[in-house]
1. Do you know which of the residues in region 30-51 that are in contact with an Asp or Glu (Cβ under 6 Å, 6 or more places away or on another chain) and touching a residue at least 12 places away in the same chain (Cβ under 8 Å) is surrounded by the fewest Cβ atoms within 10 Å (Cβ to Cβ)?
2. What's the number of the only condition in (1) in a helix (DSSP H, G or I); (2) touching a strand residue (DSSP E or B) at 6+ places or on another chain (Cβ under 6 Å) that residue 78 fails to meet?
3. Looking for something assigned to a loop (DSSP other than H, G, I, E, B) and either at pLDDT 95 or above or polar (S, T, N, Q) (or both) - is there at least one such residue anywhere in region 90-104?
4. Given the criteria crowded, with 17+ Cβ neighbours inside 10 Å, of a type outside the set (Val, Ile, Thr) and in contact with a strand residue (DSSP E or B) (Cβ under 6 Å, 6 or more places away or on another chain), does residue 69 qualify?
Amino acid sequence: MRFDGFRARLNERVHCNDGFSMSVQANENAYCMPQKSGCERYSHVEVAFPSKPEPILKDYFDSDQSCVFAYVPVDLVRHLIDKHGGIRSGEVPKGVPVYGITHYRKI
């Protein structure tokens, strides 16, 4: 997916085995660390538009953007994925620990 004026390719939405879904992004335009595109590993990522409220994310809510959670530690994203039964489909940025099938975007 590409938008005019937006150079980074977005990761596919993560769909978990229990039906929960969310966007997990890391690029030069996202709330992540480091805040640039194409890194080999990210320590914090942006989570956006969860399919239902998720209390584990409340401390990362960006009050300027509705449904966006900024600088979420990758280990917390992994915990959230595990809580919802693992990844059924989608992509996570490099640095988010996943088991089994790797859900990093193929270049």
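1. Per the criteria, the residue is 37.
2. (2)
3. Within region 90-104, one or more residues are assigned to a loop (DSSP other than H, G, I, E, B) and either at pLDDT 95 or above or polar (S, T, N, Q) (or both).
4. When the stated conditions are applied, residue 69 passes them.
The values are calculated or read from the model by the stated rules, or taken from the named source; none is laboratory data. None of these values were measured; they are calculated from a predicted model. Heads up, the Cβs are rebuilt from the backbone with ideal geometry, glycines too, and the neighbour counts pull from every protein chain shown.
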